[in-house]
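Following: one structure in structure tokens, then a few remarks.
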Amino acid sequence: MHVLPNLPYDYGALEPYIDTQTMELHHNKHHQAYIDNLNKALEKYPDLASKKIENLLLSDLPEDIKQAVVNNGGGHFNHSFFWEIMSPKPENPKGPFLEALNSTFGSLEKFKDAFTQKAMSIFGSGWAWLLVTPKKKLILKRHSFQNPPIVNGNKPILGLDVWEHAYYLKYQNKRADYIKAWWNVVNWPKVQKNFNLASK
Ligand code: MN3
């Protein structure tokens, strides 16, 4: 049984960048719905149901539940990851991670621009990701819907939900404003940890 993870902060903690109501609905309704639908899809498959979400998503899945697991298991994985890479007390990136950003993208600002462009270029619902490839390269990728980033051996470092449910209440159709505000709540120490683990 998959269960909704607690947020590492209060629903209102990311104000004014991400509003309380959006956080509450996003966590308590949207994320919960992915989990409920995932558990339902796995009812007939106890062996799969007992797997950790990462292992489940990388498993060979039966045809009859494949899409449901990608959609809802992906949704569960992506949102669990997303809550952790935000924080009301942001600090700037530093150390080997900052060096890797600099050498790959030119500077932190250029990285933010490139990531923002990637997120802006998603047509409809999806996610923008910063990933470390099996060859230990930092790359940017778009994924449609809830397709999880952990395919082809890639490891997620930073991800942004650009489904409208992530921002519509406060920002309406202005995705660019949401992304600009979101940079203020990125949990760089956590992102750095993700990078250090993935680069080993
Ligand atoms: Mn979402």
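The values are calculated or read from the model by the stated rules, or taken from the named source; none is laboratory data. Just so you know, these numbers come straight off a predicted model, no measurement behind them. Note: ideal-geometry Cβ built from the backbone for every residue, glycine included; neighbour counts use all protein chains shown. What goes into the accessible areas is simple: the full protein's heavy atoms, side chains included, and nothing from ligands, DNA or RNA. Shrake-Rupley method; radii C 1.70, N 1.55, O 1.52, S 1.80 Å.
List of remarks:
- Qualifying residues in region 34-69 (those that are surrounded by fewer than 17 Cβ atoms within 10 Å (Cβ to Cβ) and touching a residue at least 40 places away in the same chain (Cβ under 8 Å)) - the one farthest from the ligand (Cβ to nearest atom): ALA49
- If the condition is being closer than 28 Å to GLU15 by Cα and open to solvent by 20 Å² or more (accessible area, probe 1.4 Å), then region 78-96 contributes SER80, PHE81, GLU84, PRO88, LYS89, PRO90, GLU91, ASN92, LYS94.
- Yes/no for SER125 being within 16 Å of the ligand (Cβ to nearest atom) and without any contact (Cβ under 8 Å) to a residue 24 or more places away in the chain: no
- Selection over region 143-200 of residues that are within 14 Å of the ligand (Cβ to nearest atom), open to solvent by 50 Å² or more (accessible area, probe 1.4 Å) and among the polar types (S, T, N, Q) gives a count of 2.
- Scope region 177-200; condition of a type in the set (S, T, N, Q) and part of a helix (DSSP H, G or I); matching residues: ASN184, GLN192, ASN194, ASN196, SER199
One line per residue, one yes/no per condition, for (1) at pLDDT 95 or above; (2) closer than 22 Å to GLY75 by Cβ; (3) over 17 Å from the mean Cα position of the chain (by Cα); (4) hydrophobic (A, V, I, L, M, F, W, C):
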| site | (1), (2), (3), (4) |
| --- | --- |
| PHE105 | yes, no, yes, yes |
| LYS112 | yes, no, no, no |
| THR116 | yes, no, no, no |
| SER121 | yes, yes, no, no |
| SER125 | yes, yes, no, no |
| LEU138 | yes, no, no, yes |
| LYS141 | yes, yes, no, no |
| ILE150 | yes, yes, no, yes |
